[in-house]
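One structure below.
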Amino acid sequence: MSIGWFPGHMASARKKAAETLAKVDIVVEVVDARLPGASSNPMIDSLRRHRQRPCLKVLNKADLADPQATAAWMRALVDSAAKGDKVRAVALTCRKASDVARIPRLALELAPHRDNPLKPLRVMVMGIPNVGKSTLINALAKRKVANVGDEPAITKSQQRIDVNDQFVLFDTPGLLWPRIEHPSDGLMLAASHAVGVNAYIDEEVANFLGEALAGRYPALLSARYRFDPSGMDGPDLIDAIAKRRGFVLKGGIPDREKAAITLLNDYRSGALGRISLETPASRAAMLAEPATVPVPPGDEAAEA
Ligand code: G4P
């Protein structure tokens, strides 16, 4: 499948992010709790390791994710911190003020020397588009300083926000990385709306999502659409939704596009229930397979 993956403005945003990183104490990386592996940008990880900056990983939108999968992710991240990785993690909902109020203290634990007005804690908020960075920043600042929107890549330039005399935030545009190695990552990100609608084909993404949900969450599908999805693959499921909802084109052909958009919207809004698209185990299994997308000539330079 082809995703228009790395728009030009992201290359310059990456350069700017690398410069800002030199001036901050820690990175708060916001990821989507429904896909914490796929929504974690490897480029952010390598930039912050290069500068030796610790990271607080915020598994946001935990209200939409499967609580069991989120608990498994938190255990996996605690294990990796125990092995010396300077990463801490928290799963929460940036739409809840009480959740967001936990972040400054967790961030300070990673840079305890930055605890006074002479040395305010400088935090860079990073993440791919649409994971909730602006929502988090507005909640921390307690005012609207960043645009929130479900269309990816709303924030296009960086800004500094002095939350108080001990806490400074740097907002960065959503960053994707130049080359996606595993197509399922691209499909999970498209399903979760991290890439713009013009970059993918709804039906293709919905086929992937439908198949994953029929395998892992059949009860949620049958509660929503009132049919038994057992044994269905993605295209079967889309057809069944079209039939059930009466989405029909001229000549009695199922309107698969309308059904695909319905499934995507129901997943994105949480109408289907709490769903996670990956667990630490499914991610490890996927990563053990060889990458299926070859490196195009010249792409190495884009990553340098
Ligand atoms: P970004 O800066 O990383 O690109 O993301 P942004 O904050 O703009 O958030 C993208 C969408 O995700 C927004 O949806 C926002 O409300 C939603 N969102 C952020 N955090 C959470 C969360 O913890 N839980 C849930 N369920 N949604 C969250 P939107 O449809 O544009 O939102 P709205 O402003 O219409 O509510």
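No lab work stands behind these numbers, since they all come straight from the coordinates. This is a predicted model, so every value here is computed, not measured. For neighbour counting, all protein chains shown are included, and Cβ atoms are generated from backbone atoms with ideal geometry for every residue, glycine included.
Simple point charges give the picture: +1 on the Cβ of Lys and Arg, -1 on the Cβ of Asp and Glu, and for region 25-105 a dipole about the Cα centre of about 260 debye. Separation of region 210-263 and region 65-82 by C-alpha centroid, Å? If we compute the Cα centre of each part, the gap is 31 Å. The mean of 1/r over all distinct Cα pairs in the chain, once inverted, gives the Kirkwood hydrodynamic radius of 20.2 Å.
Taking amide H positions as modeled 1.01 Å from N, with prolines and chain starts lacking one, the residues under 5 Å from A91 and 5 or more places away or on another chain are L59. Ordering A18, L209, H193 by Cα displacement along the dipole of the chain toward the positive end leaves A18 in first place; charges were set at the Cβ atoms of Lys, Arg (+1) and Asp, Glu (-1).
Let a ≥ b ≥ c be the square roots of the eigenvalues of the Cα gyration tensor of region 8-171; is it rounded (a/c under 1.5), or, if not, prolate (a/b larger than b/c) or oblate? Here region 8-171 falls in the rounded category. Mean residue ellipticity, 222 nm, helices only, the chain: the sum of -39500 (n - 2.57) across DSSP H runs of n ≥ 4, divided by residue count and rounded to 500, is -13000 deg cm²/dmol. Close amide H partners of I128, meaning residues 5 or more places away or on another chain with modelled amide H under 5 Å apart, are N41, L175. Tally Lys and Arg at +1 and Asp and Glu at -1 over the other residues with C-beta under 14 Å from the C-beta of V248: what net charge comes out? Net charge in that neighbourhood comes out at +3.
Converting phi to 3J(HN,Hα) with the Karplus coefficients 6.51, -1.76 and 1.60 and the offset θ = phi - 60°, region 35-50 yields 8, x, x, 5, 8, 9, 7, x, 5, 5, 4, 6, 4, 6, 5, 4 Hz in sequence order, with x at every glycine or proline. Rounded if a/c is under 1.5, else prolate if a/b is larger than b/c, else oblate: which is region 182-266, with a ≥ b ≥ c the root eigenvalues of its Cα gyration tensor? Note, shape of region 182-266 comes out oblate.
Work out the length of the dipole vector of region 183-288 about its Cα centre, built from +1 on the beta-carbon of each Lys and Arg and -1 on the beta-carbon of each Asp and Glu, and round it to the nearest 20 debye.
420 debye
Would you mind checking the pairs K23/K57; K86/K119; K15/K86; K23/K142; K57/K258; K57/K142 and listing those with alpha carbons more than 28 angstrom apart?
Long pairs (Cα-Cα over 28 Å): K57/K258.
Phi angles across region 187-198 convert, under the Karplus curve 6.51 cos²θ - 1.76 cosθ + 1.60 with θ = phi - 60°, into 3J(HN,Hα) values of 5, 5, 5, 5, 4, 8, 6, 8, 10, x, 4, 7 Hz, Gly and Pro given as x.
Under 5 Å between amide hydrogens, built in the peptide plane, is the criterion, and for D66 it picks out I275, S276 among residues at least 5 positions away or on other chains. Derived scalar couplings between HN and Hα for region 229-238 equal x, 4, x, 7, 8, x, x, 4, 5, 5 Hz in order, rounded to whole Hz, by the Karplus curve 6.51 cos²θ - 1.76 cosθ + 1.60 (θ = phi - 60°), x for Gly and Pro.
With only Lys, Arg, Asp and Glu charged, each at its Cβ (+1 for the first two, -1 for the last two), find how big the charge dipole of the chain is about the Cα centre; round to the nearest 20 debye. List each step's numbers first, then the result.
Numbers: 41 positive and 35 negative charges, 258 e Å.
It works out to roughly 1240 debye.
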